1. Specify which of the listed residues (A:Ala124, A:Ala107, A:Ala113, A:Ala136) is of a type outside the set (Lys, Arg), modelled with pLDDT of 95 or more and out of contact with any helix residue (DSSP H, G or I) (no Cβ under 8 Å at 6 or more places or on another chain).
2. Inside region B:372-418, can you point out the residues that are more than 18 Å from A:Asn371 (Cβ to Cβ) and at the interface with chain A (Cβ under 7 Å from one of its Cβ atoms)?
3. Go through region B:295-314 and give me each residue that's in contact with a Pro (Cβ under 7 Å, 6 or more places away or on another chain) and touching a residue at least 60 places away in the same chain (Cβ under 8 Å).
4. Could you say whether any residue in region B:357-369 is within 12 Å of another protein chain (Cβ to nearest Cβ) and of a type outside the set (S, T, N, Q)?
5. Among the residues of region B:27-51, what is the count of those that are part of a loop (DSSP other than H, G, I, E, B) and not basic (Lys, Arg)?
6. Within region B:286-319, which residues are more than 10 Å from chain A (Cβ to nearest Cβ), buried (at least 24 other Cβ atoms within 10 Å of the Cβ) and closer than 26 Å to B:Met77 by Cα?
7. Sort out which residues of region A:104-118 are surrounded by fewer than 24 Cβ atoms within 10 Å (Cβ to Cβ) and either within 8 Å of chain B (Cβ to nearest Cβ) or farther than 15 Å from A:Met74 by Cβ (or both), and write them in order of number.
8. Hey, any hits in region A:117-129 for a residue that's assigned by TED's automatic domain parsing to the domain that holds A:Thr75, touching a Pro at 6+ places or on another chain (Cβ under 6 Å) and of a type in the set (Asp, Glu)?
Protein chains: 2
Amino acid sequence: MNIRFKNARILTMVEGQEIFEGELWVEGSRITYVGSAMSDEELSKMGKSFDRTIDCDENLLMPGFKDAHTHSGMTLMRTYADNLPLQEWLETKIFPLEAKMTPDDCALLTKLAILEYLTSGITAIMDMYLAPEAIATACEECGMRVVQVSGINKFGPSLEVFEERYLKLNGKHPLSSYMMGFHAEYTCDRELLEKLSDLAHKYKAPMFTHNSETAREVAECKERYGMTPTVFLDSLGMFDYGGGGYHCCHMSDDDFKVFKKRSLTAVTNPGSNTKLASGIASVKRFLDEGINVAIGTDGPSSNNCLDMFREMFLVTGLAKLKENDATAVSAADVLKMATVGGSKAMGLDDSDVLAEGKEADIIMIDLNQPNMQPINNIADNIVYSGSKQNVKMTMIAGSILYEDGKFDIGITPAEIYKGAKSIQTRLF
Amino acid sequence: MNIRFKNARILTMVEGQEIFEGELWVEGSRITYVGSAMSDEELSKMGKSFDRTIDCDENLLMPGFKDAHTHSGMTLMRTYADNLPLQEWLETKIFPLEAKMTPDDCALLTKLAILEYLTSGITAIMDMYLAPEAIATACEECGMRVVQVSGINKFGPSLEVFEERYLKLNGKHPLSSYMMGFHAEYTCDRELLEKLSDLAHKYKAPMFTHNSETAREVAECKERYGMTPTVFLDSLGMFDYGGGGYHCCHMSDDDFKVFKKRSLTAVTNPGSNTKLASGIASVKRFLDEGINVAIGTDGPSSNNCLDMFREMFLVTGLAKLKENDATAVSAADVLKMATVGGSKAMGLDDSDVLAEGKEADIIMIDLNQPNMQPINNIADNIVYSGSKQNVKMTMIAGSILYEDGKFDIGITPAEIYKGAKSIQTRLF
């Protein structure tokens with residue numbers, strides 16, 4: 001389907017480009033034009049016609065948000081066990097329940113998360129969860145862009161399955177890819193980590209993991225290995241081909257050096273870190289050191305929502321509190337993290353900005369809502385005042401999956417809610 | 001108009017009452033029934049009929065949120081001057097602009113804020129701004145419940161005007177009242193404060209003010225008077241009839257004692273305190289000491305939005321970070337602050353909970369949005385996952401002012417946006 005968006009404000013997120021008024025064309029899955037407005041005459045001269053023309057009414061088009069760390073299937077446990085610190089929450093509540101979840105459960109619960117991503121303008125997720133094959137299929141069926149990351153740990157799966165999935169789930173579908181990763185240093189033994197490092201070298205693959213999320217995790221790693229998680233993992237060669245860490249709240253000077261040297265991405269998860277009292281990441285320092293920063297919601301059981309607007313406000317707000325400086329981490333920096341920073345981490349160079357030839361992963365921000373009026377600084381306002389209510393449309397690879405509150409993902413919300421309820425009845 | 005809400009989940013916020021399934025009636029401005037479902041036969045036996053019956057589809061009815069500290073008219077300056085610390089922002093950007101605003105400007109800009117309050121389920125505001133007469137009229141015209149608080153300071157108005165407004169704006173309209181207050185210790189001289197204390201005694205009136213928002217403010221007060229703002233103001237008898245403080249981020253042990261002794265309310269404003277890097281209020285300690293806590297958005301120029309959901313998540317999230325304890329300040333406590341805590345501060349005993357005879361200030365929370373599914377703990381989830389997108393309806397004094405994204409406040413959003421733009425053009 002070829003779609004013309006006219007009468008739009010456009011924030012391309014191309015470095016140095018300001019918001020401008022104009023139009024954008026999508027043909028198939030790609031953007032074929034982003035620029036100044038065209039008259040009907042010009043279009044007819046070019047022999048250009050579209051299946052649909054959308055009058056944006058001066059609303060804003062921008063790249064979709066990239067949620068660079070999540071566990072979609074954890075929608076099941078949303079508010080199932082709140083008000084607990086991370087380790088206790090994981091060990092006593094989450095792991096026992098996850099042991100009972102089937103691949104079909106994961107697929108349905110991922111679709112529930114997809115509904116929520118779409119309401120928040122999230123067009124790609126970096127997902128770590130059980131049953132990657134089922135999750136890939138669920139995302140493909142819905143039209144969601146997904147970069148899965150292995151969450152291997154000492155409880156499974158085997159290294160053979162890990163490698164098999166890496167080979168099988170890459171190149172299978174244009175919306176879906178798979179990256180190397182493991183759950184965390186504290187859930188893997190040294191031998192497993194060494195073998196994972198070997199595989200990273202074998203495939204020249206970047207490696208992602210939960211890293212330095214809590215002070216306890218760092219202290220225990222130092223006790224075990226005499227090093228912080230970052231330094232220890234790097235000493236195994238784990239990051240020789242890049243990658244990154246989720247959370248990164250408790251970082252030493254040496255940890256920052258490793259991130260810089262290996263060009264790692266720090267994926268910050270402020271909602272989850274806040275709710276679990278894990279700590280505040282030094283986002284300002286990551287930026288100052290030139291380290292790529294991306295933003296993740298984390299899973300809906302620790303957050304408890306998949307809302308990039310909440311995360312964006314928290315990224316800048318917590319930085320301001322931490323640094324005791326109202327100018328710390330600008331809204332412009334945050335928008336960059338939520339779009340191109342995520343793309344960089346996830347290997348999505350084709351859907352990072354709005355430009356000709358790029359994948360059409362686009363959202364429309366409703367500026368005709370009261371929280372966006374009067375219009376002063378639109379980009380700042382998305383970060384400081386934006387909410388899911390401002391997401392008028394979410395398009396992935398040229399398909400409109402969410403528009404004016406309605407979903408088009410091949411299954412209705414009611415069917416998904418019913419499925420989630422029946423899983424809940426069976427497992428709780 | 002008499003309205004029956006049937007097939008609802010109901011969270012009354014009456015102490016000790018759990019969410020139950022049932023129905024609620026509104027007749028005129030009041031709630032006339034909250035309880036279990038009635039059959040059509042029972043209703044006809046009672047001779048009961050309604051102008052409108054709303055099938056809630058198992059969505060949740062609860063009391064509207066009380067925004068216990070805001071400056072509505074500051075919608076004009078939303079993202080006009082971001083990334084500045086409080087004092088510099090006020091003195092170099094805000095005050096010069098406010099000097100040029102007319103009462104008509106304030107009225108229109110308040111209406112813009114009202115649109116936003118309604119989208120966030122806010123049914124009453126404690127507003128401190130210029131031109132109280134115009135603001136009262138604007139709120140009355142829209143059907144918004146407003147408790148204005150004087151922001152008198154050394155630049156104006158006179159004490160005569162202050163007293164005249166106090167007498168004139170109370171009892172004028174059922175939706176509108178006026179409480180005593182002043183801007184802050186640091187914008188008033190001692191003589192003015194003493195005279196304000198006299199007026200508090202004359203009318204046995206509670207007194208509200210910005211209090212201990214920044215560390216600088218506290219340090220400067222100590223330099224001036226050898227006391228913290230709270231202790232100094234209390235030494236003048238300012239709180240002999242109660243009242244409270246906005247922000248309260250930097251409190252000494254003695255300050256907590258004053259709040260307890262005088263039964264003051266601490267109104268916490270975490271969005272604004274975060275964005276301006278002012279600090280984190282000790283909400284847990286307020287609760288532990290039995291001090292009433294309410295929540296305010298602060299004005300849209302320092303926040304930058306009027307979104308009770310963001311504030312609620314921040315209240316609990318920042319408390320968890322501050323206390324390094326994921327169990328600190330429960331979601332149930334936060335919901336109480338956002339409803340009955342606010343009512344208590346604002347003198348709105350008639351619209352605090354859903355019960356027969358109370359004013360019908362009611363919101364409907366859409367549980368059929370993905371961020372509320374599957375349903376585990378609804379009350380927790382409103383705080384941890386809720387957003388403006390979940391506000392399906394906002395009713396004040398029996399009138400539905402917002403429903404399914406549409407407003408009914410006697411003026412269209414487009415007219416308000418146009419008005420705000422023309423003020424912007426004139427003043428910026």
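The values are calculated or read from the model by the stated rules, or taken from the named source; none is laboratory data. Bear in mind that the values here come from a model prediction, so they are computed numbers and not experimental data. With ideal geometry, Cβ positions are generated from the backbone for all residues, glycine too; neighbour counts draw on all protein chains shown.
1. A:Ala136
2. Hits for region B:372-418 are B:Gln373, B:Pro374, B:Asn376, B:Asn377, B:Asp380, B:Asn381, B:Tyr384, B:Ser385.
3. Initially, region B:295-314 is screened for residues in contact with a Pro (Cβ under 7 Å, 6 or more places away or on another chain), giving B:306, B:311, B:314.
Correct list: B:Leu306 only.
4. Within region B:357-369, the subset within 12 Å of another protein chain (Cβ to nearest Cβ) is B:366-369.
Narrowing further to those that are of a type outside the set (S, T, N, Q): B:366-367.
Within region B:357-369, one or more residues are within 12 Å of another protein chain (Cβ to nearest Cβ) and of a type outside the set (S, T, N, Q).
5. We begin by selecting, within region B:27-51, every residue part of a loop (DSSP other than H, G, I, E, B); these are B:28-29, B:36-39, B:46-51.
Those still in the list that are not basic (Lys, Arg) too: B:28-29, B:36-39, B:46-47, B:49-51.
Residues flagged as part of a loop (DSSP other than H, G, I, E, B) and not basic (Lys, Arg) within region B:27-51 amount to 11.
6. Within region B:286-319, B:Ala294, B:Ile295, B:Gly296, B:Thr297, B:Asp298, B:Gly299, B:Met308, B:Glu311, B:Val315 qualify.
7. Result: A:Asp104, single match.
8. no
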